[in-house]
Each structure stands twice: as C-alpha cells, then as structure tokens.
Amino acid sequence: MSTTKKQRAQFATKFGVIATTVGSAVGLGNIWRFPYEAGTHGGGAFMLCYIAFVILLGIPVILSEFVLGRRTHANFFGCFRKLRASRGWYALSYMGIIASLMIASFYAVVAGWTIKYTQLAVTGQLTAGGDGINYSESFAQFTQGTWQPVIYTLLFILINHLVVSRGVQKGIERVSNVLMPLLFVILITLCINSLFLPKAGEGLRFLFQPDFSKLTSKVVIGALGQAFFSLSIGLGCMLTYASYFNGETRLVRTAGITAGLDTLVAILAGVIIFPAVFTFGYSPVAGPTLVFEVLPAVFAQLPGGAAWSSLFFFMLFVASLTSIISMSEINVTFFAEELHISRRKSTWLSSGIILIFGTLCALSFSGLSNIGEFSFFNFFNDFSSNVLLPLGGIGVSVFAGWVLDKNILRNQLTNNGTAKAPVRIIRTAIRYIAPAGIAVVFASSLGLI
Ligand code: TRP
C-alpha cells in the first residue's frame with residue numbers, strides 16, 4: 001500500500017484550514033446531538049462536564065492528531081508506518097475505520113431528516129400549523145414509517161457518494177464557507193428569539209445551572225462522548241485533515257479556534273432549544289427526536305418562519321454533508337489503499353456498507369430492525385461515541401505523548417521554533433491529563449471505580 005503520494009495537496013489559505021476543520025467539527029453533533037444529550041443528562045451538570053472535557057481532554061487530543069498528521073503528511077495508517085510504530089498501534093486505525101462507518105450510518109439517518117425538513121419548510125408545511133400544535137406526533141409519524149426514513153437516508157448517502165466519488169469536496173467546501181457564517185447568523189437570531197420566550201429563564205436555568213445531584217457516571221461518559229463526537233476526534237479524522245496543513249499553519253491556534261467555534265455553536269443550539277422546550281411544553285428527555293420536535297414550534301411563532309426554517313434546515317443539511325465527508329474520507333482512503341482498488345470502487349464499497357447499516361438505523365424508530373430491546377441506531381450512536389472515540393483518544397494521546405520523539409512534538413507545536421506555544425503545558429496535557437482523564441471517565445462508566 002502506498003500513501004506517500006509525491007505531491008500532496010495542501011490548503012491554500014489560512015481561512016481554508018480553519019473552514020475545513022470547523023466544517024468537519026460543526027454538524028449535527030452540535031445542533032441535534034448536543035441539545036438532546038444535555039436534555040437527557042440533566043442539563044447544567046452535563047454542560048459543565050462537557051465544557052471541562054473539551055478544554056482538558058479534547059484540545060490535547062486534537063493537538064495530538066494535528067501533530068501526527070502534519071508531521072507525517074499521511075492518514076491514520078500511513079502515520080504509524082512512517083513513524084515506524086510497532087504493529088499494535090495499527091489497531092487504532094482499524095478501530096477508527098469501524099467507528100467512521102458506524103457513525104456515518106446513523107448520521108445519514110439524521111441528515112436524511114434534515115432533507116425531509118428542508119422540503120417541508122420550503123413548501124410551507126412545516127410551520128403551517130402554528131406553535132400550538134404538537135410537532136412530536138407529526139415527527140413520530142414520519143420516523144416511524146417504513147419507507148420514508150429509509151428513502152431520505154438513502155438520498156443523503158447518495159449525495160455523499162456523488163460528492164466523494166467525484167472528488168468535488170472542494171466545491172462543497174466553497175459553498176459551505178459561505179453558508180456556515182450565515183448559519184451562525186441564523187443561530188444568533190434564533191437565540192435572541194428564544195431569549196424572549198415566556199419560559200426562557202426556566203430553559204436557561206436547566207441548561208446552565210448545574211445540579212450536582214444529577215452527576216452520575218452516565219452523565220460524565222455522555223459528556224465525554226459528546227465532546228469527542230462534536231470535535232471529530234478519536235478516529236483519525238483531524239489527523240487526516242492536518243496532513244494537508246502546510247508548515248505555516250499554527251496548530252495550537254487552529255485547535256483553539258476549532259474547539260471554540262464548535263462549542264459556541266453547541267451552546268447556541270442549547271440556548272435556542274431549551275427555552276422553547278419549556279415554553280411549548282415539550283419534554284427535555286425526549287432523546288434523539290428532541291430538536292426535530294421543538295424547532296418547528298420555534299419557527300411557527302417566528303415572523304417569516306417559513307423562510308427562516310427553509311434556510312436553517314438547508315444549512316444544517318450542508319453542515320452535515322461537510323461532516324460526513326470527513327468521515328467518508330477515512331474509510332474510502334483506507335479501502336482504496338489497503339485493498340488496492342480505485343477510489344471509485346472504494347467509494348462504492350464504503351457507500352454500500354453505510355447503506356446497509358444506515359437502513360437498519362433508519363428502521364430503528366419503527367422498531368422494524370430492532371432485535372428485542374436492541375436498536376441499531378442507539379447502539380451505533382452510543383457505542384461509537386462513548387467507547388470507540390474515547391479509546392481512540394487515549395491511543396492517539398499516548399502515542400503522541402510517549403512514543404513520538406519529544407522534539408518532533410515541540411517542532412510541530414512551534415512550527416520549528418518560529419511560533420510561540422506553551423509546549424510544556426501541552427505536553428503534560430497530552431502525556432498525562434488526556435489519557436488518565438479519559439481512562440478515569442471510562443472506568444467509572446463501566447462501574448470499575
Ligand atoms: N463532529 C461532527 C458533528 O458534530 C461529526 C463528525 C465528523 C465526527 N467527523 C467525525 C465525529 C469524526 C467523530 C469522528 O456533527
């Protein structure tokens with residue numbers, strides 16, 4: 001297998017670097033997953049853990065991935081080969097492939113929902129009922145159907161397939177570079193709107209006031225999984241993107257901006273959702289369906305709601321496309337290089353796998369694919385984020401902190417001494433805080449401590 005292309009593409013501009021890493025990080029994880037995870041895990045206590053984990057554990061892991069990726073200009077496999085790591089480390093890469101396929105499968109289901117909602121919004125049906133009607137029922141009717149959820153999932157997988165196999169990611173990125181700042185503006189507008197809802201105070205207290213009696217090991221592992229999922233770390237995604245960075249990219253700054261913007265978008269989503277949850281009488285513990293039930297009610301009471309909702313769901317769709325592209329990149333490159341097949345064929349293989357598992361996930365809500373209590377959607381969602389990504393995070397940080405030459409780490413963080421970076425603190429975080437912190441959270445979730 002050969003990952004060492006003679007000429008490897010690089011990002012042309014600083015904006016391109018930030019936009020692409022943020023494009024991978026910001027997606028359904030922030031706007032769909034964060035609010036419902038916070039809702040089911042008691043609000044404020046979850047939020048506090050989440051933010052602590054992003055800073056203490058997430059940033060060191062992003063930096064580990066950045067350092068390894070830029071140093072080797074290779075993917076998750078090539079990087080271990082180039083650094084002559086022993087075979088055992090490759091287990092991390094295999095785990096990353098499995099995680100990327102699992103995540104893409106359930107991600108496509110939710111992204112399919114965004115297509116459906118864009119369609120409903122554009123045709124004015126989404127907000128036609130006003131804020132008095134119960135949007136949970138109409139959403140349940142849709143997701144519990146047999147054909148519709150599957151068709152929208154397949155549609156999203158097809159779009160991803162076309163983008164990845166034709167290598168038009170650059171085009172999508174250009175579109176997303178314009179749309180993402182716009183999404184941000186819409187989020188802020190919706191936030192302001194939510195702050196004026198009658199029960200805004202109750203919603204904000206739920207989200208920001210930690211109730212430590214709710215701090216269980218489930219909450220803590222949920223927050224860790226959410227931090228990793230949202231930052232796109234633990235499966236080599238950021239590592240692969242960093243392999244396209246040039247020598248001038250400031251790793252610490254890029255990590256900080258990515259984590260900062262990603263967290264900001266999640267918090268904005270929370271501030272939009274929870275005041276609405278309490279005002280319109282929804283349940284914060286609804287789970288994965290929460291945001292799709294509550295947002296129509298928000299748009300229905302907003303002047304010009306049909307237009308706002310059309311824009312919003314279309315942008316959410318684009319945001320999920322840039323995120324799933326970053327996951328596909330991991331397994332498509334792997335299949336092409338490991339099985340010695342063309343990129344076209346490997347994209348088919350990847351899409352085929354996602355198609356099968358995506359269909360099983362899409363049918364989880366009607367119960368058609370469930371085996372007893374087992375739901376593919378829930379299993380893929382929880383197992384990948386709460387188990388595979390944290391394990392990957394331990395592996396990456398141990399490798400960057402203990403196996404990688406100290407000077408390489410320093411040179412990468414400081415661009416060979418030309419940029420300032422708190423190398424000591426970062427190295428301590430990578431060597432000790434991240435692996436130990438993740439291990440402790442992990443062990444407590446297994447009931448070991
Ligand atoms: N972070 C993305 C989101 O929040 C999802 C994502 C993209 C991801 N690439 C990833 C998650 C790699 C884990 C690993 O929607």
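The values are calculated or read from the model by the stated rules, or taken from the named source; none is laboratory data. Every value quoted in this text rests on a predicted model; they were computed, and no experiment measured them. With ideal geometry, Cβ positions are generated from the backbone for all residues, glycine too; neighbour counts draw on all protein chains shown.
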Problem - Given (1) within 25 Å of S351 (Cβ to Cβ); (2) at pLDDT below 95; (3) within 15 Å of the ligand (Cβ to nearest atom), number of the condition L183 does not satisfy - result: (1)
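Could you tell me whether F66 is farther than 15 Å from G392 by Cα, of a type outside the set (S, T, N, Q) and within 16 Å of the ligand (Cβ to nearest atom)?
Considered against the rule, which asks whether it is farther than 15 Å from G392 by Cα, of a type outside the set (S, T, N, Q) and within 16 Å of the ligand (Cβ to nearest atom), F66 comes out as no.
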Exercise for the section: Find all pairs meeting these conditions: Cβ atoms under 8 angstrom apart; at least six residues apart or on different chains; first residue within the range 59-73 and buried (at least 24 other Cβ atoms within 10 Å of the Cβ); second residue hydroxyl-bearing (S, T, Y) and in a helix (DSSP H, G or I). Expected result: P60/S397; V61/S397; I62/T258; S64/S397; F66/T254; G69/T240; G69/Y241
Exercise for the section: Examine the range 404-425 for a residue that is crowded, with 19+ Cβ neighbours inside 10 Å, in contact (Cβ under 8 Å) with a residue 60 or more places away in the chain and more than 21 Å from G247 (Cβ to Cβ), and state whether such a residue exists. Expected result: no
Practice task
Look through L197, L101, L126 and report the one residue that is in a helix (DSSP H, G or I) and either of a type in the set (A, V, I, L, M) or over 23 Å from S350 (Cα atoms) (or both).
Solution key: L101
Handout entry: Members of the range 120-142 that are touching a helix residue (DSSP H, G or I) at 6+ places or on another chain (Cβ under 6 Å), among the β-branched types (V, I, T) and modelled with pLDDT under 90
Key = T127
Problem - F335 vs. criteria within 16 Å of the ligand (Cβ to nearest atom) and either in a helix (DSSP H, G or I) or within 24 Å of I151 (Cβ to Cβ) (or both) - result: no
Fill in the blank from the handout: Of the residues in the range 1-56, those that are modelled with pLDDT of 95 or more and not in a helix (DSSP H, G or I) come to V26, G27, H41, G43
Handout entry: Unmet requirement for N246, which otherwise passes all of (1) assigned to a helix (DSSP H, G or I); (2) over 22 Å from G96 (Cα atoms); (3) out of contact with any Leu (no Cβ under 7 Å at 6 or more places or on another chain)
Key = (1)
Handout entry: Criterion violated by Y241 - all others in (1) of a type outside the set (G, A, S); (2) within 11 Å of the ligand (Cβ to nearest atom); (3) at pLDDT 95 or above; (4) part of a helix (DSSP H, G or I) satisfied
Key = (3)
Practice task
Confirm whether V110 is closer than 25 Å to A286 by Cα and away from the ligand (no atom under 14 Å from the Cβ).
Solution key: no
Problem - Inter-residue pairs, beta-carbon under 9 Å, first over 10 Å from W113 (Cβ atoms) and surrounded by fewer than 18 Cβ atoms within 10 Å (Cβ to Cβ) and in the range 138-150, second β-branched (V, I, T) and modelled with pLDDT under 95, 6+ apart - result: A140/T289
